[in-house]
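Have a look at the structure below before the remarks.
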Amino acid sequence: SALPERLTTASNVRDLTLTPDGRRLVFKATSGLFSVMADGSAGALLGQDVSSFQLSRGGASVVFWAANALFGVPVDGGTTPTRLSPGLEAQEFSLTPDGGRVLFLAQEDSSGPLELYQSFLVPAHRPR
């Protein structure tokens, strides 16, 4: 039988998710949130100090929570993550079934009430 093949060199890998097309793996490790091709090549650091993350429905984007804020980034990296909750302290989040919006709980400051917000991942999903 074939021996297992190591795909990463990151330490303490956890929370592994495969994109719907099976081409990329997204995972958290001690040093951050990463995306790699399914064969372990073409790795990209997507974010640091990440608490949780979700893939968009088609797997093209990753939304993650870090430092009390929500960020979105293409699954293959290559760009600076976009803050989806500017000026807000974000908490729980969920992607809509179509993958175009992120719904999240946030507050304007640490003493304010939690309220429900939305942010658009894809500009085309924004109502006109």
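What the table shows:
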quantity: Lys/Arg +1, Asp/Glu -1 at C-beta; the chain dipole; positive extreme among Leu7, Val102, Thr30; calculated: Leu7
quantity: Under the Debye formula (equal points on every Cα, no solvent term), log10 I(q)/I(0) of segment 4-57 at q = 0.15, 0.21 Å⁻¹; calculated: -0.37, -0.73
quantity: Solvent-accessible area per residue, Å², over the chain with all protein chains present [probe radius 1.4 Å]; calculated: 60
quantity: Per residue convex hull volume, Cα atoms of the chain, in Å³; calculated: 120
quantity: Simple label model, 7 Å out from Cα along Cβ direction - Arg14 to Leu45, nm; calculated: 2.0
quantity: Between segment 12-55 and segment 101-120, the Cα center-to-center distance that results, in Å; calculated: 26
quantity: Gain in span if fully extended, Gln118 to Thr96, counting 0.36 nm per residue against the direct Cα distance; calculated: 6.9 nm
quantity: Accessible surface of Ser111 - all protein chains present, 1.4 Å probe, nearest 10 Å²; calculated: 100
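The values are calculated or read from the model by the stated rules, or taken from the named source; none is laboratory data. Owing to the predicted nature of the structure, the values given are computational and were not obtained by experimental measurement. Backbone-built Cβ (ideal geometry, glycine too); neighbour counts: all protein chains shown. Heads up: the accessible areas ignore ligands, DNA and RNA and are worked out on the full protein's heavy atoms, side chains in. Shrake-Rupley method; radii C 1.70, N 1.55, O 1.52, S 1.80 Å.
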